[in-house]
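Each remark here refers to the structure printed beneath this line.
Every number here is computed from the coordinates shown, using simple stated rules; none is lab data. Treat the numbers as computed from the prediction; the structure is a model and nothing was measured. FYI the Cβ positions are ideal-geometry reconstructions off the backbone, even for glycines, and counts take in every protein chain you see.
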Amino acid sequence: MPQPGANPTSLSCPESLLAILGVERRSAEAAPGWQTGGMAKKCGWMRRILLGLAWAVGLFLVLSVLLTVLFRFVPVPSSGLMVQRRMESWSSDKPYTAHHRWVPLEDIAPSLGVAVIAAEDQNFPEHFGFDWQAIEKAVQHNEKSRRKRGASTVSQQTAKNLFLWSSRSWTRKGLEVWFTLLMEAGWPKRRILEVYLNIVEFGDGIFGAEAAARTFFGKPAKRLSPSEAALLAAVLPNPHKFHANAPSEYLRGRQAWILSQMRQLGGPELVKAL
């Protein structure tokens with residue numbers, strides 16, 4: 001162990017590691033099997049691994065910031081979820097065709113923006129990416145019920161769909177938090193909603209408002225009625241189970257609830273005020 005007053009930086013690599021661990025090095029006579037060279041080699045590998053991890057983390061942080069800044073201004077050509085769905089189709093016998101067309105928020109009926117806010121995140125205009133009241137309610141509900149309830153905001157869903165993948169893991173959730181904070185810090189709410197409406201999955205291979213409006217209603221997203229907008233928002237919890245072009249009784253009931261919430265939130269003026 002280093003003597004009092006010794007400079008820690010003057011210690012060799014093995015001695016430094018032992019000092020950090022609080023282990024006293026035995027003398028050569030007391031420990032004839034001590035291999036200084038072997039310890040130094042291990043220390044070299046440890047340094048390389050730590051340096052590599054530091055570079056990887058630094059590179060990820062820089063790239064994530066650059067991508068977030070880029071998509072603040074540039075139309076999104078694809079998303080992490082679109083790539084995931086394409087890769088999943090490779091191992092499926094079902095034919096898969098993706099439909100996606102970017103349109104600016106001005107070319108999407110305001111009713112659809114209000115509908116998804118009413119259905120998914122009614123505090124979207126006020127929060128900074130996370131709705132803590134909804135999270136608390138979800139935790140309390142999940143403790144008592146087998147049927148789990150989520151509390152992801154529109155911002156979180158945008159971060160997940162755009163940059164990440166769809167899965168339940170703490171790694172993905174942690175990355176989602178990071179990208180959500182980046183977006184909230186650098187994007188206005190209108191941009192978050194615009195990207196969300198352009199990449200959200202409305203059905204098998206149907207991504208974004210324009211593709212959904214043309215596929216299910218044969219019209220551009222700009223001409224969607226409030227009723228049609230509410231129906232599209234109603235499928236969002238599970239677009240593979242629910243179908244806007246063949247709505248079940250449950251989906252019709254959810255559509256009616258969303259329409260009532262849209263009126264309470266102020267209708268299209270809510271989106272125009274963002």
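General observations
- Note on the range 75-272: semi-axes of the ellipsoid equivalent to its C-alpha gyration tensor, largest first and rounded to whole Å, are 22, 21, 19.
- Set of aspartates and glutamates near K222 by C-alpha distance (under 15 Å), chain-local residues within fewer than 8 positions excluded: E106, D107, E194, E210
- With the charge dipole of the range 87-133 set up from +1 on Lys and Arg Cβ and -1 on Asp and Glu Cβ about the Cα centre, the Cα lying farthest toward the positive end among the listed residues W90, V116, H127 is that of W90.
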